[in-house]
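Notes follow once the structure below has been shown.
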Amino acid sequence: LGSNQVIVEEQGKLSGFGGVAGNLSNSGIVDLTTYMPGNILTVGGNYTGRNGLILLQTETGGDNSKTDRLVIKGNASGRTRVAVTQAGGTGAETLNGIEVIHVSGNADNAEFIQTERITAGAYDYILKRGQGINSTNWYLISRKDIPVPQPEAVPENHDNNLRPEAGSYVASIAAANNLFVTNLYERQGQELYISHMTGEENEAGIWMYNKGKHNRWRDNSSQLRTRGNSYVVLIGGDIAQWSLNGTDRWHTGM
């Protein structure tokens with residue numbers, strides 16, 4: 001657009017990609033999405049957000065993931081909401097992040113806010129302003145904080161943001177592996193008993209297995225914690241018992 005001033009009103013929408021020669025004021029929707037990510041909208045002048053919305057598509061992977069981008073040659077100010085649609089990607093750790101908004105001028109009074117959760121695999125992606133020389137840009141990162149470079153500093157380990165569902169998966173698998181028994185002895189226990197009437201040793205035909213458990217678990221980063229109680233009761237009985245040679249024992253039951 002060759003106009004020196006483009007205004008997107010509250011009910012308006014600017015779609016596509018390419019460039020705006022002058023300033024852009026956004027109270028409505030600026031939509032960069034098409035059938036695939038990688039589109040760039042360049043604003044030659046200043047950008048002003050008036051609680052408008054920007055729609056982007058991004059592959060959720062590492063720093064070099066393909067993404068739509070807003071590039072502002074002048075200054076940026078005001079409040080803008082950003083909605084990101086996933087366009088593939090299984091999630092990965094980012095170092096600096098996936099750059100989605102680039103401002104060449106001043107952006108001290110600009111605010112770009114993520115509208116909803118972005119997840120891929122075990123990672124949560126967060127829209128955050130860069131730091132240092134990148135403080136005028138906004139990135140999608142899959143960890144808690146962007147590190148602040150320090151002279152001769154030892155690099156720190158950063159915890160990746162893990163999805164809370166992962167804790168449920170681990171707890172469910174642990175419960176399933178420990179609650180249910182698969183061998184005859186644990187199900188039946190000791191079947192022999194002494195009859196009070198005859199004093200003879202007999203074999204019981206009905207058995208019951210009862211087990212309760214309380215467990216707590218957390219991962220090394222302490223992001224995921226689970227606590228649970230589990231119970232299982234198994235009841236069964238023999239229909240027939242026999243021995244082929246006096247040293248073995250065969251059962252059939254339900």
Could you list all residues from segment 103-124 that are part of a loop (DSSP other than H, G, I, E, B) and not hydroxyl-bearing (Ser, Thr, Tyr)?
-> Gly105, Asn106, Ala107, Asp108, Glu116, Arg117, Gly121, Ala122
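Output yes when any residue across segment 59-74 is part of a strand (DSSP E or B), buried (at least 18 other Cβ atoms within 10 Å of the Cβ) and touching a residue at least 60 places away in the same chain (Cβ under 8 Å), and no when none is.
Start the filter on segment 59-74 by keeping residues that are part of a strand (DSSP E or B), which leaves 67, 69-72.
Next cut, buried (at least 18 other Cβ atoms within 10 Å of the Cβ) only: 67, 69-70, 72.
Subset that is touching a residue at least 60 places away in the same chain (Cβ under 8 Å): 67.
Yes - at least one qualifying residue is present in segment 59-74.
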Would you check which residues across segment 103-129 are buried (at least 20 other Cβ atoms within 10 Å of the Cβ) and over 15 Å from Gly89 (Cα atoms) and list them?
-> Val103, Ala107, Ala110, Phe112, Leu127
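Among Leu53, Leu32, which is in contact (Cβ under 8 Å) with a residue 60 or more places away in the chain and within 30 Å of the chain's Cα centre (by Cα)?
Details: Leu32 fails: in contact (Cβ under 8 Å) with a residue 60 or more places away in the chain.
It is Leu53.
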Quickly run through segment 85-102 and pick out the residues that are crowded, with 17+ Cβ neighbours inside 10 Å, part of a loop (DSSP other than H, G, I, E, B) and without any contact (Cβ under 8 Å) to a residue 40 or more places away in the chain.
-> Gly89
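Every number in this text was worked out from the coordinates using simple rules, so none of it is lab data. Predicted, not measured: the structure shown is a model, and the values here were computed from it. Note that we place each Cβ from the backbone using ideal geometry, even for glycine, and neighbour counts take in every protein chain shown.
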